[in-house]
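All remarks here apply to the structure that follows.
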Ligand code: ADP
Ligand code: MG
């Protein structure tokens, strides 16, 4: 049976838009020392703007961009959706015989009758090829996320995108620091994009190029850790953290896996949830 104080904490949480899925999560959250954030869709708006799209000189531009758009139209990743929105202005994004496989944290593998394509970040298509392509086409890399299209041999196109930081993120991080918690950021995105967000938000510890399993093993290796995330790529870490917190507009799998669900995407609710948990512990003991 659930204690009356715990029950009223659950109710108080719900009123603030913080859904605790059980009474034991308060105890764990009250003991947390580190709060790990995913970047894309958690600290950022998940509304990336396409900054630049560049096609290799040896390929036909329209066919290549139509292919990129058609592959991305099979994904609901925020970068994919932004690209589809942009490319569908110019192209009809249909493509015959296209089979697409989703590799969370990396991108997509697409197969047509003739070719296998990769669509995703630099580590997915190969760092060296990716960096050479960016340099060769003088693409501005500061703080951008990238999506590359590659066939069996070479990079055919690259898009750079920028995802704005959530307006309340700065305040949310400050609130956690005031509660003596250490904020950490783990992202599947590249080093420069990760660094620009970590610097802007004064997050002392971050790691880029994280696969879903990298995030999961980080939370397993640390005690007293909460994980805040929104994506399918965060689900393993949300499940393994002492407390998993899902963003309200996150994917269904993140919301199902986490122990605490925010009813909106307001990051300040993380500190509110910690405060509520600490308050309950002082009532009980
Ligand atoms: P985060 O951990 O910050 O939420 P993700 O793990 O979702 O980021 O994505 C990491 C990187 O993988 C993205 O920056 C992007 O380059 C690439 N990526 C993932 N999914 C896709 C996709 N569907 N289309 C293109 N790129 C993708
Ligand atoms: Mg995310």
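The values are calculated or read from the model by the stated rules, or taken from the named source; none is laboratory data. Treat the numbers as computed from the prediction; the structure is a model and nothing was measured. We place every Cβ from the backbone using ideal geometry, glycine too, and count neighbours over all the protein chains shown.
Results for (1) away from ligand 1 (no atom under 15 Å from the Cβ); (2) in a helix (DSSP H, G or I); (3) in contact (Cβ under 8 Å) with a residue 12 or more places away in the chain, shown as yes or no for each residue.
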{"site": "27", "(1), (2), (3)": "yes, yes, yes"}
{"site": "35", "(1), (2), (3)": "yes, no, yes"}
{"site": "40", "(1), (2), (3)": "no, yes, yes"}
{"site": "46", "(1), (2), (3)": "no, no, yes"}
{"site": "50", "(1), (2), (3)": "no, no, yes"}
{"site": "53", "(1), (2), (3)": "no, no, yes"}
{"site": "57", "(1), (2), (3)": "yes, no, no"}
{"site": "63", "(1), (2), (3)": "yes, yes, no"}
{"site": "66", "(1), (2), (3)": "yes, yes, yes"}
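Here residue 282 fulfils each of the conditions (1) free of Cβ contacts under 8 Å to residues at least 24 places away in the same chain; (2) closer than 26 Å to residue 79 by Cα apart from (2). Here 200, 172 are screened, and the one residue that is more than 21 Å from residue 25 (Cα to Cα), assigned by TED's automatic domain parsing to the domain that holds residue 255 and more than 11 Å from ligand 1 (Cβ to nearest atom) is 200.
Here the range 1-13 is the region considered, the condition is being touching a residue at least 40 places away in the same chain (Cβ under 8 Å) and part of a helix (DSSP H, G or I), and the residue that is farthest from ligand 2 (Cβ to nearest atom) is 5.
With 181, 161, 176 as the choices, which residue is at pLDDT 95 or above and either within 13 Å of the chain's Cα centre (by Cα) or within 16 Å of ligand 2 (Cβ to nearest atom) (or both)?
Every option except 161 fails the conditions.
Across the range 215-235, the qualifying residues are those that are surrounded by fewer than 24 Cβ atoms within 10 Å (Cβ to Cβ) and without any contact (Cβ under 8 Å) to a residue 60 or more places away in the chain, and the one among them that is nearest to ligand 2 (Cβ to nearest atom) is 216.
Table: residues versus (1) assigned to a strand (DSSP E or B); (2) without any contact (Cβ under 8 Å) to a residue 40 or more places away in the chain; (3) not assigned by TED's automatic domain parsing to the domain that holds residue 209.
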| position | (1), (2), (3) |
| --- | --- |
| 113 | no, yes, yes |
| 117 | yes, no, yes |
| 132 | no, yes, yes |
| 143 | no, no, yes |
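Kindly provide the set of residues from the range 47-73 that are within 16 Å of ligand 2 (Cβ to nearest atom) and surrounded by fewer than 23 Cβ atoms within 10 Å (Cβ to Cβ), ordered by number. So that I can check it myself, show each step before the final result.
Just the residues of the range 47-73 that are within 16 Å of ligand 2 (Cβ to nearest atom), to begin with: 47-48.
Listed by number, the list holds a single entry, 47.
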